[in-house]
Each structure stands twice: as C-alpha cells, then as structure tokens.
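Since the structure comes first, as structure tokens, the remarks are kept for the end.
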Amino acid sequence: MKLSAENVTKEFIRKTGKSNHFSAVNDVSLTLESGRLTVLNGRSGSGKTTLLNMLSGLLSPTKGRITLDGEDIYALDDKRLSRLRNQRFGVIPQGQTAIHSLTVLENILLPFSLYRESGEAEQKYALELAERLGIAQLCEVRPAELSGGELRRMAIARAVIRRPSVIFADEPTGDLDDENTALVFGFLRELSAQGSAVFIVTHENNAAGYADEVYRMNGGKLEISE
Amino acid sequence: MKSLTLKNLLGRPVRTAALTALAALLSFAVFIGTMIVLSLGNGLDSLEARLGAEVMTVPYEAATKKKFEDVILQGMTGYFYMDKSKLDEIAALDSVGDISAQLYLASTGSNCCSMPVQIIGFDPETDFTVTPWIKKSGGGQLKELDIVVGSDLNAFVGDKLSFYGVECNVAAKLDKTGTTYDTTVFTNIDTIDRLIQSSLDKGMNDFKNLKPENIVSCLLINSADGYSPEETMNDINLHVKKVKALRSKNMISGISSSLDGVSGMIRTLIIAVWALGVVILLLAFTMSVNERRKEFAVLRVMGSSRSKLAGMVFKEALSVCIAGSAVGCVIGLIVLIPFGGAIEQKLSLPYLLPGPAAVLMCVGGTLILAAASGAAAAVLSAWRMSRIDTGLVLRGDN
Ligand SMILES: Nc1ncnc2c1ncn2[C@@H]1O[C@H](COP(=O)(O)OP(=O)(O)O)[C@@H](O)[C@H]1O
Ligand SMILES: [Mg+2]
C-alpha cells in the first residue's frame, strides 16, 4: 500500500501583499508506505495540518494529486471518498474531538457504528484497545469526565479501531505529559510494525527517535531532515 | 447500539425538551385552532339541518324586535303569538307546501335548569322538523305531558320536570347539535297548550286573555313544488298581514358571516403562530447544530459523507418535531373535549365537534405539518453541516 502526494499545492484566500491568495503547502511530494512511520516536523503555521488534511482525504489540493496505490482519491465522489476514509484511514485530529453524548466505548466504536457495522467482534476489539491504552476502566464514562491524556488515548483507539491502512496523527502529544507522550508514540510505532503506514505531525523534535523518515515543513515547502 | 440521533437527543435533555415543547406548542395551537374552525362550520351545518324548513313565519313584531332571532340564534328565551287563522291563511297560498305550527313558551326555571329554558311545542300531525330528530335520537311518539330535552340540559329520560306547576316526564334526550336547541325543551302541542294555560292562570305570562288553542308562534314552511323559497317568502309577506316570513338561510347568514370572521381570525392567528414558530425552530436548530460544529467535523473525519451528516441533522429535527407535535395534539384533545362547552359559550356561535374520523385526520395533518416545518427549519443547518470545513473547524485550538 502506498499513499502519495504528487506535487501538491494548497492555496488559501488571504490578502498577502499584492496577491490575494497564498500557498499553505507549496509543490510537495511525499509517499507513505505500509510498515513505515513518517514524522513531519515544522513550526506552527508552516502547513503541516494542511498537508495531513490533503493526504487523509479531507481537503482537496489546489494543484497536484493524492493517490492511493496509483488512484487519485479526489477523483472519487464524496460518498466513496468518505467510505474510503472510514475504512482505510484512521485520523487522530488535533485537539479534543470526543462526541459528548456518547460514552468512551461508543466513541471508540464510532467508525463502525456510523455505517451500522459494530457487532460483538468489534466491541471486543474496542475493549482490547482500551485495555492496551489504559482506559479500559473508563469505557462506560462520558468524555466530559476524562483528562486530556485519556481523551487523546480514546481518540487513538477510535482512529485505529478499523485497522486502517494509514494512520494520521496531528500533534498527538501536544498537550500531554512525558509519560503519556511516550505511551502514544510507543503505540503508534507498534501499529506501524504491524503493517500500517503511520504519519505523525508534530512541532516537537522528540518523535524523531520513533521514525523511519523525518521531514520538515518550512513555509509550505517540504525538506528532508538530516 | 442505539442510533446516534437518539443518543444526541438524549445526551442533551434540556435542549431536546425545549425543542420538543416548542414543537408541541405550535402543534397545539394549530390543532386547537383547526378544530375550532371545523367545529364552527359543523355547528352551522347542524343549525341549518335543525331549522329544517326553508321559510319561517312569525308575528311581525317578533321579527322586527329580533325576539325570534334571539331565541333561535342567541339562545335567549322568549315567546310571541299570532292568531291561528294565520296558519290557514298561509296554508291556502299556492306557493306553500309543507307547513307546521309551533308554539313557544319560556319557563321560569325548573329543577333541571339553572336558567329559564325555551319550550317549543310542535304539532305531531304536521311536523316535519322535530319528529325526525327525536327519532334519530332514539325517542318515539310523545304522549300527553311527555317532553324531550336538549342534550345540554341536566335532565335524563325518566326524570320529572315541572313547569308552571305542571309535572312533565322526560321521554327522550336529543343528540347534540351545537346550537341553541341543545338547551331547549320540546313537547307536543297539547302539552304546551296546558303549560301556557297554567302560566296564564298563575299570572306569569306577559300576555293576558289568550286561548292557547287559538294561537301559534312560528310557522315552519317548505315551498310547494315549482316555487322557490324566495318566492314563497315574498308571497307570504305580500298577502298575509301582521306576519313576517323569513328565509332560514338568511337568518343563518348573519351567523355565517360572523363565523367567517372568527374562522378567518383563527386562521390568521394559526399562520402567524406557525410562521413565528418556524423561525424560532430555525434559529434553535441552527444554534444547536452550530454549537456542535466540531462534533460534526469529527464525524466527517471518521468517514461520514456529506449526505450522512445532513441526514443526521434532518433526523434529529424530524424526531423532535414529530414527538412534540404528538404531545401537542394529545394536549389539544385533552383540552378540547372537556372545555368544548366553555369555548362554545365564549364564541356564542353554533359549535359542534366533528366526528372521530375528522379529528384523526386533523391530528394526522398536524403531524405532517409539524414534520414538514421541522424539515424546512433544518434545511439550512443540514446544508451548512454538510459543507463544513473540517480543517478549519478542527484547527480551532491549535
Ligand atoms: N481553511 C483555511 N483557510 C485559510 N487559511 C488557512 C486554512 N487552513 C490553514 N490556513 C492557513 O494556512 C497556514 C498553514 O496552516 P496549518 O497547515 O494549519 O499549519 P500548521 O499545522 O503547520 O500549524 C496557516 O497560515 C493557516 O492560517
Ligand atoms: Mg497544525
């Protein structure tokens, strides 16, 4: 499995000097592969999230293509692309992203229940993941009662519940303490060892130790670190 | 796992309850309003059926001083008389077909009634308006001193009521008509002769020196074949002195026009309430969905298609509106049935609740209207949520 960005550019409308649009991501090419963990560093505002959103099927590029095993994913209609995201991609978004009217377990099962596919096997796997991430005792609790670290671990379990081919994590440790940070990176490393492609965006440098590749974003341009 | 819609609704009980209450209130207003309009129309039809004759003839004075109208339309009591010779005189006219005389008397209160009641005597030999109605209500031939009571009177078959010292037996109770006839007592002409005689004997009648056998109050007339009611009315007014012939239709038209007024007002009110309600619902849905923009963005990230998200917003709105509407209709029914009498009095117009089929249709219509309004109010939020820019929403707390 290969997910590639081919010369992608994303322009947003914004008055900058004479021009009324600017490129948040500028002519970037990048490939994510099964079993590899890729880290993207870079300052805040450099275009990391924009690139991640394009790769994960949430934001269509202004120029260039995103291909999954050679197929342009933005050539799909919204229904198909949504289904693809649901089945093949797992996204751990920035910030807190719990659905408040659902319990922790229901949140974890959401990618299945959106398409009414959550059965006993899925339930069992959700509990396993919760166990693995140390939030098993919180399964029946509402997200409002969880700490930041616990919420992030819930979001991770939710992102990986469908055993996706590609896992995207946007600043997964931004608001976590060292212990939680190590736990999260360790888990993501484990998933890539099991065959997923993992893409981690972070402005911290401590993720590099877990990575197969490290890139750096600078004003919308991609540079290879080291 | 229960549906996400249900969980979202139950997960925010206060908001859900408020929206449901709003939908209930709107549906209540529409349901009650429609039922009142229907009941008024139904009451008018019923009155027309009860009048039962095309032309009514009363003493000239009774017509000009509105005494007759007050009795028939306003539910006041009254009596007025003309010589029985008028009956023969009018019956002899070519344009007159069926004709039957009635005698009026007002009681001064009796054990059934907190207020004086109107007593109407009819002639079983010629009557064509009251007898069919008694039959329909399950009564039979009236014997001497038998009376038939309107449905709103507090008297029942087998009871004994006394008027001017004469004891009468309640032989039948009439079906509800929604008109002033519901508080009227009917009897045959022999019995009312005795009651009038007794009122004269006791000096409790405004008239003196009457012979009950020689008087009539009102003549009910259908035109003969080949004549229109209009021609019959004109014929009588032209050829018979000291009487006034009236067309039943024209009498009712006064009611009919004030009924149109009331109905129109209620309709305007319903539309205003509903329009306002839809605007409030629209704002409420927009706010409630806006507040959850982030959650919708997350659902999108998890693989919801645009149409799925829009469907979710719709489903929530529809569930709330239909549930609220059902509550509103039930409350409407609970209010309508016991308070029908109060509404009738306040409006002082003929008022008759339509049958169960019409009520059910009204409930169904209200539910459909509520669902449609909910859908209309949710369109904007559904569209906005389906267009949500996940990137922008989730970047919020970068
Ligand atoms: N939807 C958008 N509309 C307009 N500007 C945007 C949008 N998304 C991101 N940007 C801008 O693009 C630039 C890159 O943003 P982002 O990719 O979020 O950076 P990072 O994740 O590296 O902090 C920023 O200047 C940001 O303000
Ligand atoms: Mg970012």
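Among DSSP beta bridges whose residues both lie in segment A:2-224, state the antiparallel percentage, nearest 5. The answer is about 55 percent antiparallel. For segment A:90-96, the Karplus equation 6.51 cos²θ - 1.76 cosθ + 1.60, evaluated at θ = phi - 60°, returns couplings of x, 10, 9, x, 5, x, 8 Hz by residue, with Gly and Pro reported as x. With a Cα cut-off of under 19 Å and a minimum spacing of 8 residues unless on different chains, the lysine pairs in chain A number 7. Treating the protein assembly as shown as a set of equal point scatterers at the Cα positions, no solvent, please give the Debye-formula log₁₀ I(q)/I(0) at q = 0.07, 0.08 Å⁻¹. For the requested q values the scattering log ratios are -0.62, -0.69. Take every Cα pair under 8 Å whose residues are at least 6 apart in sequence, average their separation, divide by the length of chain B, and the relative contact order is 28 percent. Only aspartates and glutamates eight or more places from B:Lys160 in sequence, or on another chain, were considered; those with a Cα closer than 12 Å are B:Asp146.
Based on C-alpha pairs under 8 angstrom that are at least 6 apart in sequence, segment A:2-224 has a relative contact order of 32 percent. Inter-part distance, segment B:127-186 to segment A:25-71, computed on C-alpha centroids, equals 90 Å. If you take the alpha carbon atoms of chain A and fit the smallest convex hull around them, that volume is 130 Å³ per residue.
Counting only whole DSSP H helices of chain B, the ones at least 30 Å long by C-alpha along their axis and with mean Kyte-Doolittle hydropathy no lower than 1.0 are B:13-51, B:248-290, B:306-347, B:356-386.
Within chain B, the longest segment free of exposed loop sites, counting GluC sites (Glu not before Pro) that fall outside DSSP classes H, G, I, E and B and have at most 16 other Cβ atoms within 10 Å, spans B:145-290. Loop-resident trypsin sites (Lys or Arg not before Pro) (DSSP state other than H, G, I, E or B) in segment B:308-398 with no more than 12 further Cβ atoms inside 10 Å of their Cβ: B:Arg387. Straight-distance candidates among the aspartates and glutamates for linking to B:Lys208, with alpha-carbon spacing under 15 Å and chain neighbours fewer than 8 residues away dropped: B:Asp83, B:Asp193.
Between B:Ala49 and B:Leu276, what length in nm is gained on full extension when 0.36 nm per residue of separation is reduced by their alpha carbon distance? Could the numbers behind the result be given before it?
Details: separation 227, 0.36 × 227 = 81.72 nm, distance 3.93 nm.
Additional length available on full extension: 77.8 nm.
Over segment A:3-86, give the accessible area per residue in Å² for a 1.4 Å probe, as an integer. Before the final figure, lay out the partial values.
Details: 3930 Å² over 84 residues.
Spelled out: the 1.4 Å probe surface of segment A:3-86, per residue, equals 47 Å².
Close amide H contacts of B:Ala106 (hydrogens built in the peptide plane, cut-off under 5 Å, sequence separation of 5 or more or a different chain): B:Ile119.
Straight-line cross-link partners of B:Lys308 among the aspartates and glutamates, defined as a Cα under 13 Å from its Cα and at least 8 positions apart when in the same chain: A:Asp78, B:Glu316. Between the C-alpha center of segment B:225-253 and that of segment B:22-85 there is a gap of 19 Å. Note on B:Phe128 and B:Glu291: the model spin-label points, each 7 Å out from Cα along the C-beta direction, lie 6.9 nm apart.
The values are calculated or read from the model by the stated rules, or taken from the named source; none is laboratory data. Values in this document were obtained by computation on a predicted structure and should not be read as measured data. Using ideal geometry, Cβ is built from the backbone for each residue, glycine included, and neighbour counts are taken over all protein chains shown. These area figures cover heavy atoms from the full protein model, side chains too; ligands, DNA and RNA do not enter into them. Shrake-Rupley method; radii C 1.70, N 1.55, O 1.52, S 1.80 Å.
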